[in-house]
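Q: Please read through the structure below; I'll follow up with questions.
The values are calculated or read from the model by the stated rules, or taken from the named source; none is laboratory data. A quick note: this is a predicted structure, and the numbers were derived from the prediction, not measured. Cβ coordinates were reconstructed from backbone atoms using ideal geometry, including for glycine residues, and neighbour counts include every protein chain displayed. Heads up: the accessible areas ignore ligands, DNA and RNA and are worked out on the full protein's heavy atoms, side chains in. Shrake-Rupley method; radii C 1.70, N 1.55, O 1.52, S 1.80 Å.
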Amino acid sequence: MRLAFDKPTIIIKDDKTSYSFDTSPIEHLEYPRDLRFTKIVEFKKALSEKIKATLKKSEKDPSYTTFLGHFGTFTVAKLDTKEVSKEDFIIEELKDLKKSVQRQEMINSERIHMSSPSMYGKYPPDRTFMEMRRAIKKVIGNEFPECSSSDINKPEFKEIIFHRIMDNERVRKFFAGPEEMQSVFQDAYANVAA
């Protein structure tokens, strides 16, 4: 970070670690990895002198650079600070919270339309009609594959089909209640029997 903001910097590393590719052009102070006392004393002295010299140079020379200046002219990034009142801060946070809640409501709304209909009520009429028609054809095809068109139009046969469909939990999920189911059944059955 200090290098990115062109601040005075001293890099140290142990004598076994290799140089980092991006900071290798900068002088590094090395200390012994084994931390032998006499060598550490020498290292501490060299580090102290380097810190003092770097600080002195950066204070005296406004154009002093440890890293970036060697690669060209750059405008150093600055972090702008803005003072905000407590009230303004709270209002901004509440706005962000409101946006977040609205996004979540939108996501939940999309999930509702893709979820099990039994939990969320009635589907559009064309969808319920299509599901009922499919269910009627399936019951007739599976349970009464050889019935004639005259049999299909008999009221007792129609009643049996309706009760089979009423027992089908998957189909019931598409309807808000038995009244709607019966109404759609009448229309769909007439369409299938025609």
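Q: Once the mean 1/r over all distinct Cα pairs of the chain is inverted, what Kirkwood radius in angstroms do you read off?
A: 25.6
Q: While we're on this one: When the accessible area of the stretch 19-58 is computed with all protein chains present and a 1.4 Å probe, what percentage of it is carbon and sulfur?
A: 59
Q: Now for a different question. Ranked from highest to lowest mean number of other Cβ atoms within 10 Å per residue, what is the order of the peptides 183-192, 27-36, 87-96, 2-11?
A: Per-residue Cβ counts within 10 Å, averaged per peptide and sorted highest first, yield 183-192, 2-11, 27-36, 87-96.
Q: Would you tally the net charge around R36, using a Cβ to Cβ cut-off of less than 14 Å, leaving R36 out, and scoring K and R as +1, D and E as -1?
A: -1
Q: Roughly what angle does helix 155-166 make with the longest principal axis of the chain, taking Cα atoms, 0 to 90 degrees, to the nearest 10?
A: It is inclined by approximately 20 degrees.
Q: Follow-up question, since we're still on this one. Under 17 Å between alpha carbons, and skipping anything fewer than 8 positions from K154 in its own chain: which lysines qualify?
A: Answer for K154, where 17 Å is the Cα cut-off: K137, listed by chain and number.
Q: List the pairs from K39/K78; K44/K78; K7/K82; K50/K78 whose alpha-carbon separation is above 31 Å, in the order I gave them.
A: Pairs exceeding 31 Å: K39/K78; K44/K78.
Q: From the P(r) of the stretch 1-61, can you give the percent of Cα pairs sitting at distances over 17 Å?
A: 48
Q: Provide the per residue accessible area, probe 1.4 Å, for the chain, rounded to a whole number of square angstrom.
A: Value for the chain: 78 Å² per residue.
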